[in-house]
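Engineer: There's a structure below that I have some questions on.
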Amino acid sequence: MGAGRLVATATMLVAAIAAVETATAAAAAAAPVNPTKLVLTVAKGESTKPVQRRASLTCRPAGGSHKMARDACSALAKVGGDFGRLQQGAGVACTMQYDPVTVTAVGRWKGKRVDYKKTYGNACSLSTTTGPVFSL
């Protein structure tokens, strides 16, 4: 009876190890191969400092500390992660008041290095151009 019990225990142990390995492989397969991890900042003025707002953004799945992560990821996906191509508010008018706002994006978009900086004439111009991306 001792040998039978030993075989049963060994069989259960092998099955448990196989289940753990399968779960680990499935989790690795579900993780994005080229992740998106960005740190976005907004600063008042023509300099990147002092930072007024900062947020992290991950996509696939959307997350991080960005309050509109899903919308920001969607807007970036439409332009292939090219911040310079963001054009959200066509036809929206902003005042000509010069009250500059400088934004940065640093990190990776689908594995590709991102190092973006731009100064907008005012917060309205920033918002109408970038939509939810810098709505931190």
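Engineer: Which percent of the Cα-Cα distances in the stretch 29-112 go past 23 Å? Let's see the in-between values first.
Structural biologist: Numbers: 1001 of 3486 pairs.
Summing the P(r) of the stretch 29-112 above 23 Å gives 29 percent of all pairs.
Engineer: Just to be sure I understand the model, the point goes 7 Å from the Cα along the line to the Cβ. What's the resulting Lys118 to Val51 distance in nm?
Structural biologist: Between Lys118 and Val51, the simple spin-label model gives 2.0 nm.
Engineer: Given the options Gly45, Leu126, Val103, identify the residue whose Cα lies farthest towards the positive end of the charge dipole of the stretch 32-130 (+1 on Cβ of Lys, Arg; -1 on Cβ of Asp, Glu).
Structural biologist: Val103
Engineer: Can you list the lysines whose alpha carbon sits under 22 Å from that of Lys110, skipping same-chain ones fewer than 8 residues off?
Structural biologist: Qualifying lysines at Cα under 22 Å: Lys37, Lys67, Lys78, Lys118.
Engineer: Based on Cβ point charges of +1 for Lys and Arg and -1 for Asp and Glu, what charge dipole magnitude is obtained for the stretch 32-130 about its Cα centre, in debye rounded to the nearest 20? Walk me through the intermediate numbers first.
Structural biologist: Details: 16 positive and 5 negative charges, 89 e Å.
So the magnitude is around 420 debye.
Engineer: Based on the mean of other beta carbon atoms within 10 Å per residue, what is the order of 58-69, 77-88, most packed first? The partial results should precede the final answer.
Structural biologist: Values: 58-69: 16.7, 77-88: 14.2.
The densest-packed peptide leads the list: 58-69, 77-88.
Engineer: Separate question: What are the ³J(HN,Hα) couplings of the stretch 33-38, residue after residue, when phi is run through the Karplus curve with 6.51, -1.76, 1.60 and θ = phi - 60°? Round to Hz, x for glycine and proline.
Structural biologist: 5, 10, x, 10, 9, 10
Every read-out reported here was derived from the displayed coordinates using simple, explicitly stated rules and does not represent laboratory data. Given the structure is predicted, the values throughout are model-derived calculations rather than measurements. Heads up, the Cβs are rebuilt from the backbone with ideal geometry, glycines too, and the neighbour counts pull from every protein chain shown.
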